[in-house]
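Some notes on the structure that comes next.
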Ligand SMILES: [Zn+2]
């Protein structure tokens, strides 16, 4: 656990901004979604520790190991969830969607404008769209998801001109740890099937 509990000890310490690959001028790609990658100057550990423990819980339950946490403006967790797709027989029961719903319910509002979504894997297009609807302020995610991601892959939702709300997005936090957990889960799944 991060001793300071602070995600952004110095917000002026701007990490490098790298546009998504392939987003060059003159082609059909959507405009860059301004994703911050692997920010070395930040210490985003408090929420990710909780998200990782939720992901491990999901794996113990036979779910794809993804965990999510919603932090308030003071980086205090107000909701957390793990994948419940199999348990609930609900293909939309992704960790981040469940966490956003729980946070909104706890707050008694549909808008989470001062909140950060911390999730172990790049959100899929469905969850990225839900983050827009919930007006999430910031998304911090762990592993990249070239196949199922919707933020830096696929539709790159926040880079679309029609996207009405663009959460600040930081990707690749504890990427090795997060992607290793997923790889091990799928390796074990193949081994047992
Ligand atoms: Zn999702």
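Within the range 140-172, take every residue that is within 21 Å of residue 53 (Cβ to Cβ) and in contact with a helix residue (DSSP H, G or I) (Cβ under 6 Å, 6 or more places away or on another chain) and give me the one that is surrounded by the most Cβ atoms within 10 Å (Cβ to Cβ). Filtering first and then ranking leaves 142. Among all positions in the range 161-179, there is no residue which is in a helix (DSSP H, G or I), closer than 16 Å to residue 34 by Cα and free of Cβ contacts under 8 Å to residues at least 40 places away in the same chain.
Note on the range 100-135: residues that are without any contact (Cβ under 8 Å) to a residue 40 or more places away in the chain and more than 11 Å from the ligand (Cβ to nearest atom) amount to 16.
Of the residues making up the range 144-154, those that are within 13 Å of the ligand (Cβ to nearest atom) and touching a residue at least 12 places away in the same chain (Cβ under 8 Å) are 145, 148, 149, 150, 151, 153, 154. Residue count for the range 56-74 under the criterion of being buried (at least 24 other Cβ atoms within 10 Å of the Cβ) and closer than 17 Å to residue 189 by Cβ: the result is 3. Each residue in the range 69-98 was checked for being within 15 Å of the ligand (Cβ to nearest atom), touching a strand residue (DSSP E or B) at 6+ places or on another chain (Cβ under 7 Å), without any contact (Cβ under 8 Å) to a residue 40 or more places away in the chain and under 19 Å from residue 135 (Cα atoms), and 3 of them qualify.
Restricting attention to the range 105-136, the residues being crowded, with 17+ Cβ neighbours inside 10 Å, in contact with a strand residue (DSSP E or B) (Cβ under 7 Å, 6 or more places away or on another chain) and more than 16 Å from residue 64 (Cβ to Cβ) number 7.
All of the numbers you see were taken from the coordinates with simple rules; none came from a lab. All of these numbers come straight from a predicted model, not from anything done at the bench. Here Cβ is always computed from backbone atoms with ideal geometry, including for glycine, and neighbour counts include all displayed protein chains.
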